[in-house]
1. Identify, please: which residue in the range 59-91 is over 16 Å from residue 40 (Cα atoms) and among the charged types (D, E, K, R) and is, among those, surrounded by the fewest Cβ atoms within 10 Å (Cβ to Cβ)?
2. Scan the range 229-287 for residues that are within 30 Å of residue 205 (Cβ to Cβ) and within 15 Å of the ligand (Cβ to nearest atom) and jot them down.
3. Take the range 179-201 and flag every residue that is within 7 Å of the ligand (Cβ to nearest atom) and assigned to a loop (DSSP other than H, G, I, E, B).
4. Just name the residue that is most open to solvent (accessible area, probe 1.4 Å) out of those in the range 187-199 that are closer than 21 Å to residue 143 by Cα and either of a type in the set (Val, Ile, Thr) or in contact (Cβ under 8 Å) with a residue 12 or more places away in the chain (or both).
5. Pairs needed: first member in the range 99-119, modelled with pLDDT under 95; second member anywhere, in a helix (DSSP H, G or I) and among the hydroxyl-bearing types (Ser, Thr, Tyr); C-beta distance under 9 Å; at least 6 residues apart or different chains.
6. Considering only residues that are part of a helix (DSSP H, G or I) and open to solvent by less than 40 Å² (accessible area, probe 1.4 Å), which ones fall in the range 121-134?
7. Could you list, in sequence order, the residues of the range 92-117 that are crowded, with 17+ Cβ neighbours inside 10 Å and either under 21 Å from the mean Cα position of the chain (by Cα) or more than 30 Å from residue 269 (Cβ to Cβ) (or both)?
8. Restricted to the range 208-228, and to residues that are among the hydroxyl-bearing types (Ser, Thr, Tyr) and open to solvent by less than 70 Å² (accessible area, probe 1.4 Å), which residue is nearest to the ligand (Cβ to nearest atom)?
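The values are calculated or read from the model by the stated rules, or taken from the named source; none is laboratory data. These figures come from a predicted structure and were not determined experimentally. Positions of Cβ are backbone-derived with ideal geometry, glycine not excepted, and every protein chain shown enters the neighbour counts. Calculation scope for accessible area: heavy atoms of the full protein, side chains included, ligands and nucleic acids excluded. Shrake-Rupley method; radii C 1.70, N 1.55, O 1.52, S 1.80 Å.
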Amino acid sequence: MQKVVIIGSGPAGLTAALYTARANLKPLVLEGIEPGGQLTTTTDVENYPGFPEGIQGPQLIDEMRKQAQRFGADCQFKTVVKADLSKQPFRLELDGGDTIETAVVIIATGASAKYIGLESEQKLIGHGVTSCATCDGAFYRDMPVAVVGGGDTAMEEALFLTRFASQVTVIHRRDEFRASKIMAERTLAHEKIDVAWNTVVDEVYGVEKNLVSGLRLKNVKTDECSDLTVDGLFVAIGHQPNTDVFKGQVDTDDVGYILAQNTRTNVAGVFAAGDVTDPTYRQAITAAGSGCMAALEAERYLEAQGQ
Ligand code: NAP
């Protein structure tokens, strides 16, 4: 039986692995469908402390993994397909059929940005199509960009992008924003921001050059199409926490984010760290920090159990 199984291998999971490995708990890390998580779809990471020149997202993850492995973390490219957290020991069923028993589970399965779903959009993710202005905004200095969405995230992204971009066009499918009044007002008042109301992105241009060059927009009221020249498309239509496999087993909010108090879920011995429990900050550094907290909480829990 395992003492600690960490599900997910982004900054939260790998930091939890580092700390629990150094506590001699021999953690098993189940890396999941997208090993490394959202950072592996980012290029330069310029806001992770300790790298004054920035670091590539995949490289940062590789370094974190190596650091955890150095202290004995066992990282495996496996995915949990079923979890039974109703009694000790917890049972996790993996792809391929194996079952693992463990005293502690740290859930660090992250969240996935929602995308529109166009084929041209999918092909250009990481090449001008992104879902994180904080990560990629600075690459669009003096260039026109577009943001899709009408919620608080879209407003926040658009306002942040005005620091760099020459022009920001917010593309929203309805004629009013879902965002809070104050964020909507700030967005509408900004001289660098235009809004394309009742509009959706119909195609992202640039697939042949592997870099976004523009968008075909469609007015949903008139079906009229038009082109917009942009160098970047920021998709801000929400995130979905990766919690399907834990549905009904731990408390979540309406969207599916795990509810946790200092990483402790409502199930003793089950901890949650990183974006899977954080609809607010969603940064690599905050995820890493909560991975550390989950590891320390897990250590304390095991000690209290006499394990
Ligand atoms: P959200 O509130 O769910 O808004 C998503 C937006 O994307 C909506 O305007 C929606 O349009 C649009 N959308 C969804 N699917 C789409 C699609 N397929 N094509 C085009 N547009 C689509 O998500 P969010 O903005 O990420 O915010 C999530 C939560 O975090 C909210 O509770 C928000 O208040 C909170 N948040 C708060 C702050 C802050 O306070 N500073 C910052 C960020 C987020 P419709 O409006 O037509 O549905």
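1. 87
2. If the condition is that a residue be within 30 Å of residue 205 (Cβ to Cβ) and within 15 Å of the ligand (Cβ to nearest atom), then 233, 234, 235, 236, 237, 238, 239, 240, 282 are the ones that fit.
3. Within the range 179-201, 179, 180 meet the criteria.
4. The residue in question is 194.
5. Every condition considered, the pairs that remain are 113/41.
6. Correct list: 121, 133.
7. Narrowing the range 92-117 to residues crowded, with 17+ Cβ neighbours inside 10 Å: 92, 100, 102-113, 116.
Result: 105, 106, 107, 108, 109, 110, 111, 112, 113, 116.
8. 226
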